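To start, the structure under review is shown below, and the notes come after it.
Just so it is clear, none of the values below were taken in a lab; they were calculated from the coordinates. Everything numeric in this text was worked out from a predicted model, so none of it was measured. Counting neighbours? That spans all protein chains shown, and the Cβs are built from the backbone with ideal geometry, glycine included.
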2 protein chains.
Amino acid sequence: MTTIKDVAKKSGYSISTVSKALNGYKDISEKAKNKIIKVAEELNYVPDLSLKNITKRESRSIAVIFSGLSKDGAADGIMYNIIAGAFEYANSVNYDVKIFTINAAIQKEISYFRFCKERNIEGAIVMGISSDDPYFEEIISSKLPVVLIDILTENMNVGVVSIDHEKAAQEATNYLIGIGHKNIAMINGKKNAVVSKLRENGFKKVLEENNMKVNEKWIAYGDFSRQKAFNETYKLLQLYPEITAIFCASDIMAIGVYEAAEKLGISIPDDLSIVGFDNIPLASFITPKLTTVKQDMYKNGYEAAKLLRFIIKNENIERHKILTHELLVRDSTKAINRI
Amino acid sequence: MTTIKDVAKKSGYSISTVSKALNGYKDISEKAKNKIIKVAEELNYVPDLSLKNITKRESRSIAVIFSGLSKDGAADGIMYNIIAGAFEYANSVNYDVKIFTINAAIQKEISYFRFCKERNIEGAIVMGISSDDPYFEEIISSKLPVVLIDILTENMNVGVVSIDHEKAAQEATNYLIGIGHKNIAMINGKKNAVVSKLRENGFKKVLEENNMKVNEKWIAYGDFSRQKAFNETYKLLQLYPEITAIFCASDIMAIGVYEAAEKLGISIPDDLSIVGFDNIPLASFITPKLTTVKQDMYKNGYEAAKLLRFIIKNENIERHKILTHELLVRDSTKAINRI
DNA sequence: TTGTAAGCGTTATCAG
DNA sequence: CTGATAACGCTTACAA
């Protein structure tokens with residue numbers, strides 16, 4: 001490996017002169033500068049940033065941490081978009097992005113904090129972990145700057161980027177009621193995920209506002225899995241054929257719902273209206289096209305990185321960033337005309 | 001920041017004793033060891049890996065480099081799967097993964113080599129760049145260990161992971177001919193991408209083997225874009241209604257083909273059979289379900305990281321790794337029964 | 001068993 | 001303008 005020492009030796013100047021020449025300092029002669037630059041190029045010399053940073057005390061890198069990076073995560077593009085968005089912002093302010101999973105830390109049997117510190121990152125964006133995860137407390141109470149995506153916490157020191165899930169669920173439910181549905185079920189995600197609770201609250205709130213009784217049996221948990229959503233829906237629709245609409249907490253689960261309906265010979269949207277959540281690419285390709293709540297995960301990633309940067313710089317800024325969402329009405333919902 | 005010095009001071013031992021205690025050396029007393037570990041914990045001391053590595057001369061990190069990390073990359077999950085696969089292997093051998101884009105280097109106006117060297121990575125996985133990219137030569141001729149995904153090169157020092165695209169295209173085409181199609185068009189990707197050429201070769205070869213003349217006008221370039229594929233197909237099918245089957249070089253483009261067919265009132269698979277390429281999640285959700293050539297991008301990423309590791313360790317191993325593919329026959333193709 | 005000192009590649013200070 | 005020298009946090013001979 002070529003080091004600054006090699007350049008010094010070959011150019012005939014001292015190490016410190018070489019360092020200055022290569023870092024654009026003014027107080028050296030043109031002659032020395034040219035010579036040194038020439039030699040550096042000949043030798044293919046490249047300074048190591050992480051060494052520079054020993055003295056400067058900044059690593060200029062952040063991490064994006066997932067709970068897992070599985071083969072199945074691909075279908076919805078959510079994680080990809082978050083990475084891409086975070087990368088774009090980080091890159092624009094000259095930060096590098098490393099990706100980790102919580103599992104990686106667990107495997108090494110070290111703490112989250114240690115894992116990050118060892119890698120000398122300045123902060124982390126965390127997503128896909130639920131608030132009852134054993135690591136959760138450690139993460140939000142650690143000294144390391146952190147931004148959570150879609151994980152709400154009361155802790156106002158922790159950065160949070162999210163849409164208003166409760167409000168979004170309210171809008172979706174209101175829309176279904178508005179087009180005449182009275183028997184609405186919900187396929188929710190993992191029961192103890194924060195977003196699940198919020199969406200469920202929004203759902204229930206609107207039912208109550210409309211004097212419709214909340215039937216707990218009509219709320220099932222599909223754990224954000226297509227298969228589980230299929231199973232739950234299959235059971236639900238057999239037991240309660242009076243259901244005319246289902247609000248799903250993710251598009252992936254909505255696909256499971258589609259499949260359950262198909263298997264039962266129930267036609268969407270004629271017999272059953274479906275509203276999804278996320279607006280993944282699939283949503284507009286599937287037949288019928290899925291009505292869904294759009295959230296922009298690319299933007300989530302971008303804003304998370306931006307907020308993280310502010311927190312790192314210790315700027316006095318609102319820690320909780322709420323992004324906008326939008327109900328996209330497509331073909332999986334239909335005004336009710338029965339009874 | 002807590003450093004080894006702080007631990008030394010507080011524990012009353014010297015820096016080197018602390019270092020040894022914390023790194024599991026045998027030649028220290030139980031007493032010293034315990035005390036030091038205790039103090040280190042109290043102080044939340046975590047050694048910085050990159051500093052350790054100054055002496056050891058290994059950074060234990062690799063990069064995954066894309067040509068771009070766009071908002072649109074999400075739909076097919078390909079990049080995500082590559083990242084996930086590469087991450088899994090890297091993680092299993094205690095490597096970290098950083099992600100970069102070629103653009104990031106270009107923006108900083110520095111060379112690929114410099115960009116990587118500065119970041120002190122041991123090697124890189126590169127994908128999504130075409131062989132006529134100005135950076136291509138630099139990448140494959142640089143001293144840095146590199147593995148290309150889906151970019152073939154004669155250079156046997158460079159690692160390459162890919163399926164046999166030519167053979168895959170042959171199988172797809174053979175299948176269409178086997179079920180009776182005689183007028184087969186191809187919507188290819190970017191004209192000068194290596195994979196495009198290979199697939200086109202395979203396509204043409206099979207036509208010739210079957211004594212069907214190759215009509216260059218029936219080969220259009222959709223540039224891997226859904227919109228472009230739509231446009232090209234729309235023109236093609238209007239000009240040549242005798243076409244009964246289309247082989248698409250990507251599933252995303254196949255969707256554009258679906259849309260063009262729909263707009264023209266052409267029914268798939270009754271009037272037109274479609275074969276895609278990739279087997280993205282969407283392929284099995286779209287109606288009709290898409291017949292396609294499956295390639296496992298997760299595995300691509302995994303194998304790329306593995307190969308990269310071998311190259312880094314300078315092991316004598318075959319540099320070109322060919323992965324398996326598979327033709328998945330679904331509902332978008334149908335045996336011909338007209339004329 | 002412990003500590004001193006040199007070294008890793010780099011930048012910063014300061015005397016010449 | 002140049003170059004010793006110290007310093008950054010850490011490991012590792014080697015001496016004590």
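Miscellaneous remarks
- Segment B:132-265, relative contact order in percent, only Cα pairs under 8 angstrom and at least six apart counted: 24
- Extension gain (nm, one decimal) between B:GLU58 and B:GLU326, 0.36 nm per residue minus Cα-Cα: 92.6 nm
- Proportion of all alpha-carbon pairs of segment A:1-125 beyond 20 Å (%): 60
- The stretch between B:MET1 and B:ILE106, if pulled fully straight at 0.36 nm per residue, gains 34.4 nm over its current Cα-Cα span.
- Across identical copies of the chain, A:SER131 has label-point separations of 5.5 nm, listed in ascending order, with the point defined 7 angstrom from Cα along Cα→Cβ.
- Computed from the Cα positions only, the extents of chain B along the three principal axes stand at 93, 37, 36 Å, in decreasing order.
- Other residues whose C-beta falls under 12 angstrom from the C-beta of B:ASN192 contribute a net charge of -1, scoring Lys and Arg +1 and Asp and Glu -1.
- Selection among A:GLY265, A:ALA249, A:LEU237 by position relative to the dipole of segment A:215-339 gives A:ALA249 as farthest towards the positive end (Cβ unit charges, Cα centre).
- Contact order for chain A, expressed relative to its length and based on alpha carbon pairs under 8 Å spaced 6+ residues apart, stands at 18 percent.
- Amide H contacts under 5 Å for A:LYS321: A:VAL160, A:VAL161, A:SER162, restricted to partners 5 or more places along the chain or on a different chain, H placed in the peptide plane at 1.01 Å from N.
- Scattering profile of segment B:73-165 at q = 0.14, 0.18, 0.19 Å⁻¹ [log10 I(q)/I(0), Debye over alpha-carbon scatterers]: -0.54, -0.91, -1.02
- Dipole orientation for segment B:2-153: of the candidates B:GLY77, B:THR17, B:VAL64, B:THR17 has the Cα lying most toward the positive pole (charges on Cβ; Lys, Arg +1; Asp, Glu -1).
- GNM result for chain A, Cα springs below 10 Å: residue of A:GLU109, A:GLU41, A:GLU200 fluctuating most strongly: A:GLU41
- The protein assembly as shown - charge dipole about Cα centre, Lys and Arg +1 at Cβ, Asp and Glu -1, debye rounded to 20: 2380
- Summing charges over neighbours of A:LEU328, with a neighbour being any other residue whose Cβ is under 13 Å away from its Cβ, gives -3 when K and R count +1 and D and E count -1.
- With Cα atoms, 0 to 90° folded angle of helix B:297-312 axis to chain B main axis: 50
- Within the straight-line cut-off of under 27 Å between alpha carbons, the lysines reachable from A:LYS9 are A:LYS20, A:LYS26, A:LYS31, A:LYS33, A:LYS35, A:LYS38, A:LYS52, A:LYS56, B:LYS52, B:LYS56, B:LYS117, B:LYS143, sequence neighbours fewer than 8 places apart in one chain being disregarded.
- Residues A:MET186, A:MET253, A:MET212, ranked from the fewest to the most other C-beta atoms within 10 Å, line up as A:MET212, A:MET186, A:MET253.
- Helix B:165-178 and the long axis of chain B differ in direction by around 30°, with both axes built from C-alpha atoms.
- Each DSSP beta bridge with both residues in the protein assembly as shown is either parallel or antiparallel, and the antiparallel ones are about 10%.
- Cα-based helix-to-principal-axis angle, B:251-263 vs chain B, degrees rounded to 10: 30
- Comparing A:THR173, A:THR153, A:THR55 in a Gaussian network model of chain A, where Cα atoms under 10 Å apart are tied by springs, the biggest mean-square fluctuation is seen for A:THR55.
- Highest to lowest packing among A:19-28, A:272-281, A:290-299, scored as the average C-beta count within 10 Å: A:272-281, A:290-299, A:19-28
- Rounded if a/c under 1.5, otherwise prolate or oblate - the protein assembly as shown, Cα gyration tensor axes: oblate
- Label-point distances for A:MET156 to the equivalent site in the other copies, using a point 7 angstrom along Cα→C-beta, read 6.8 nm when ranked shortest first.
- Paramagnetic reach from B:LYS217 in segment B:244-278 [backbone N under 17 Å; point 7 Å along Cα→Cβ]: B:244-245
- Efficiency of FRET between B:SER92 and A:ASP133 - r from beta-carbon atoms, R0 25 angstrom, step 0.05: 0.65
- Radius 14 Å from Cβ of A:SER131, net charge of other residues (Lys, Arg +1; Asp, Glu -1): -3
- Separation in nanometres of the label points that stand 7 Å from Cα toward Cβ, at B:ILE179 and B:LYS191: 3.1
- GNM flexibility winner over chain A from A:GLU303, A:GLU154, A:GLU318 (Cα, springs under 10 Å): A:GLU154
- Calculated FRET efficiency for the pair B:LYS313/A:LEU43, C-beta based, R₀ 25 Å, to 0.05: 0.50
- Measuring against 18 Å, Cα to Cα, the residue pairs A:LYS263/B:LYS289; B:LYS191/B:LYS289; B:LYS299/B:LYS321; A:LYS228/B:LYS289 contain B:LYS191/B:LYS289; A:LYS228/B:LYS289 as the ones spanning a longer distance.
- Segment B:272-294 and segment B:170-244 have their alpha-carbon centroids 16 Å apart.
- Teacher prompt: A:LYS108 distances to equivalent labels in other copies, 7 Å Cα→Cβ, nm: 2.2
- Segment A:202-292 - Rg over Rh from alpha carbon coordinates, Kirkwood radius: 0.95
- Normalised contact order of segment A:1-147, rounded percent, pairs of Cα under 8 Å and 6 or more residues apart: 22
- Nonlocal amide H pairs with A:LEU327, under 5 Å, H built at 1.01 Å: A:LYS294
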